[in-house]
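In what follows, a single structure is set out as structure tokens and then discussed.
The values are calculated or read from the model by the stated rules, or taken from the named source; none is laboratory data. Keep in mind that what you see is a predicted model, and the values were worked out from it rather than measured. Positions of Cβ are generated from backbone atoms using ideal geometry, with glycine treated the same way; all protein chains shown enter the neighbour counts. All accessible areas refer to the heavy atoms of the entire protein, side chains included, with ligands and DNA or RNA removed. Shrake-Rupley method; radii C 1.70, N 1.55, O 1.52, S 1.80 Å.
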Amino acid sequence: MNVVLLGAPGVGKGTVAKRLSERYGIPHISTGDLLRSAIDRATPVGLKAKSFVDSGRLVPDEIVTELVETNLRSPSASKGFLLDGYPRTVVQADALASFSSVDRVLNLVAPKKVILERLSGRRTCRKCGVVYHVKNIPPRKAGVCDSCGSGLYQRSDESPEVVMERLSVYENETSPLVDFYRNEGLLVDVDATLDVAGVVRQCVAAVEEGVSDE
Ligand code: AP5
């Protein structure tokens, strides 16, 4: 089962992808996580990507595509994958089609107000990467990860200016993929304003029962 998660920054793609990954036993491949890890380790990819990620712009297509292709070719992805944050441009969608098939595209949709509230309250574990929200999905103890006890932090691309840039990049460069995949009959719209369980339920139905809005 090869699934792409599409949607604006902060709409909840990573949160839902983690739940689906546990349910189906297929890897959650997040280009944002891969890039942040490369930046933290100061790898050649990380050094090239840092200024783009910090300013909310897209990392050049060829860099991200190489990362994704390598991950999709690994044995862990042989039974399928949940791709979160890729493709983000039509060039990337064409590249993906050249090395993998896609069975479903889940398009998470929520108004800007909900997205801004989710982004401003997000807290991420510095060590294990678990994502919380100060109000919606709080840790048991403020600022501390339930899973590993490490400290939580706010990502460097969560300042109001960078968030506005990311939303505008999404509108201009990524949202055309909605029609791209709708025209291929692969896209299902998901109401992402519901709680996590409600969003996951819709995604499971879409993945297991086929494209409902064809
Ligand atoms: P990336 O990390 O992919 O960022 P993004 O797409 O902007 O998405 P986010 O991770 O911010 O949000 P999300 O939708 O996963 O939401 P989450 O589940 O965390 O990319 C970062 C940067 O890397 C880009 O700006 C770019 O520079 C670069 N990059 C990445 N991919 C690239 C590519 N393909 N090409 C070029 N450049 C690329 O949820 C958000 C918050 O809401 C959390 O606090 C969560 O707890 C809460 N929440 C989630 N769901 C719910 C719910 N249903 N109800 C209540 N709260 C919820």
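3J(HN,Hα) along region 149-162, derived from phi through the Karplus expression 6.51 cos²θ - 1.76 cosθ + 1.60 where θ = phi - 60°, amounts to x, 7, x, 9, 9, 9, 4, 5, 9, 9, 6, x, 5, 5 Hz, with x in place of Gly and Pro. Only the Cβ atoms of Lys and Arg (+1) and of Asp and Glu (-1) were treated as charged; on that basis the dipole of the chain about its Cα centre amounts to roughly 1120 debye. So what is the diffusion coefficient of region 1-116 in µm² per second by Stokes-Einstein at 20 °C and 1.002 mPa s, using a Kirkwood Rh over Cα pairs? Answer from the Stokes-Einstein relation: 146 µm²/s. Pairs exceeding a 22 Å alpha-carbon distance, out of Lys13/Lys112; Lys50/Lys79; Lys18/Lys50: Lys50/Lys79; Lys18/Lys50. Computed over protein heavy atoms with a 1.4 Å probe, the accessible surface of region 85-137 works out to 49 Å² per residue. In sequence order, region 11-21 has phi-based couplings of 6, x, 4, x, 4, 6, 4, 4, 5, 5, 4 Hz under the Karplus curve 6.51 cos²θ - 1.76 cosθ + 1.60, θ = phi - 60°, and Gly or Pro positions carry x. Of the trypsin sites (Lys or Arg not before Pro) found in region 41-104, the ones in coil according to DSSP and having at most 13 other Cβ atoms within 10 Å of their Cβ are Arg41, Arg73, Lys79. Taking the 1.4 Å solvent-accessible surface of the chain as the whole, the part contributed by carbon and sulfur is 52%.
Scan region 130-196 for GluC sites (Glu not before Pro) in coil per DSSP, keeping those whose Cβ has at most 13 other Cβ atoms within 10 Å, and list them by number.
Glu184
Projected onto planes of every orientation and averaged, the convex hull of the alpha-carbon atoms in region 93-190 covers 8.1 nm². Computed over region 162-214, the Cα gyration tensor eigenvalues convert (square root of 5λ each) into semi-axes of 24, 17, 6 Å, ordered from largest to smallest.
For the chain, the Kirkwood estimate of hydrodynamic radius, built from reciprocal distances between every pair of different alpha carbons, is 17.6 Å.
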